[in-house]
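The values are calculated or read from the model by the stated rules, or taken from the named source; none is laboratory data. Please read all numbers here as calculations on a predicted model, not as lab measurements. Cβ placement follows ideal geometry from the backbone for every residue including glycine, while neighbour counts extend to all protein chains displayed.
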């Protein structure tokens, strides 16, 4: 995998901002990310907004027509709320989810980096269909997040088989990136400084070069943030998103040929009755 998790190379609708500080547009710079790939069976990267960006599937297909595409879909209401909690955690934002949702929904500039796209990221039907139409269903694997967390090993092994990797996994580690909050208001600014150092590849302690990247990434998080029970979504925010997503999820079920366990959205039908 690319050492830079999200290079944004195939996402022309991403603007270089603090949300997309590592946007790579130059082909040579992008290929440098894979210079150590050697003869690995599977080579890839993971930029989530390739699903939302309408130009991404075509651009990826032009460059790598045989690419295997892995799409992970989560209940769109839960996804939007999780996105908000992440923004609140790392930015110190204090406004409510509903207020942020309304503000962002009314924002006319629908570009990643200029808008949080809380609603737009969850409009999965057209997003998945673009990949099916361009790559064909045999080159696209759709994973449902809620099922993945219940069957981690099985799903990972299915992905490895899909990628043609002759390898299987046994037990896996526990929950990654659980909900947490800053220990103090100052923690947000200190963490932002750590992220800046990392983005500039500044090794301010020689000892860091001796540690695994996973430790370097997780250590500031563990020191500056503490785990806490996740707050519930405001009912008026749920109602607003249910009205938007209900028909969208029904269309997605028809496209995938299966039912989906997204009861936060699908409960809207019971409420209407």
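Assorted remarks:
- Flag if residue 69 is surrounded by 18 or more Cβ atoms within 10 Å (Cβ to Cβ), touching a helix residue (DSSP H, G or I) at 6+ places or on another chain (Cβ under 9 Å), farther than 30 Å from residue 267 by Cα and in contact (Cβ under 8 Å) with a residue 60 or more places away in the chain: yes
- Residue match in region 143-154 (condition: under 24 Å from residue 11 (Cα atoms) and surrounded by fewer than 18 Cβ atoms within 10 Å (Cβ to Cβ)): yes
- Restricting region 48-63 to residues that are out of contact with any helix residue (DSSP H, G or I) (no Cβ under 8 Å at 6 or more places or on another chain) and surrounded by 13 or more Cβ atoms within 10 Å (Cβ to Cβ) leaves a set whose member that is farthest from residue 130 (Cα to Cα) is 48.
- Neighbours by Cβ (under 6 Å, 6+ apart or cross-chain): first from region 92-104, farther than 18 Å from residue 244 by Cβ; second surrounded by 14 or more Cβ atoms within 10 Å (Cβ to Cβ): 92/188; 93/87
- Residue 11 being modelled with pLDDT of 90 or more, crowded, with 19+ Cβ neighbours inside 10 Å and either closer than 28 Å to residue 147 by Cα or under 20 Å from the mean Cα position of the chain (by Cα) (or both): yes
- Counting only helices (runs of 4 or more DSSP H) that sit wholly inside region 1-116, those with at least 2 residues that are closer than 25 Å to residue 137 by Cα are 56-63, 76-91.
- Selection of first residues in region 242-264 that are on the phi > 0 side of the Ramachandran plot and in contact (Cβ under 8 Å) with a residue 24 or more places away in the chain and of second residues that are in a helix (DSSP H, G or I) and surrounded by fewer than 18 Cβ atoms within 10 Å (Cβ to Cβ), restricted to Cβ pairs under 6 Å at least 6 apart or on distinct chains, gives an empty result.
- Among the residues of region 32-47, those that are surrounded by 13 or more Cβ atoms within 10 Å (Cβ to Cβ) and farther than 12 Å from residue 7 by Cβ comprise 37, 42, 43.
- Residue within region 105-112 that is within 21 Å of residue 7 (Cβ to Cβ) and either surrounded by 15 or more Cβ atoms within 10 Å (Cβ to Cβ) or without any contact (Cβ under 8 Å) to a residue 12 or more places away in the chain (or both) present: yes
- Among the residues of region 121-142, those identified as crowded, with 16+ Cβ neighbours inside 10 Å and in a helix (DSSP H, G or I) are 121, 122, 124, 125, 127, 128, 130, 131, 132, 134, 135, 139.
- Qualifying residue in region 51-68 (condition: modelled with pLDDT under 95 and over 28 Å from residue 247 (Cβ atoms)): no
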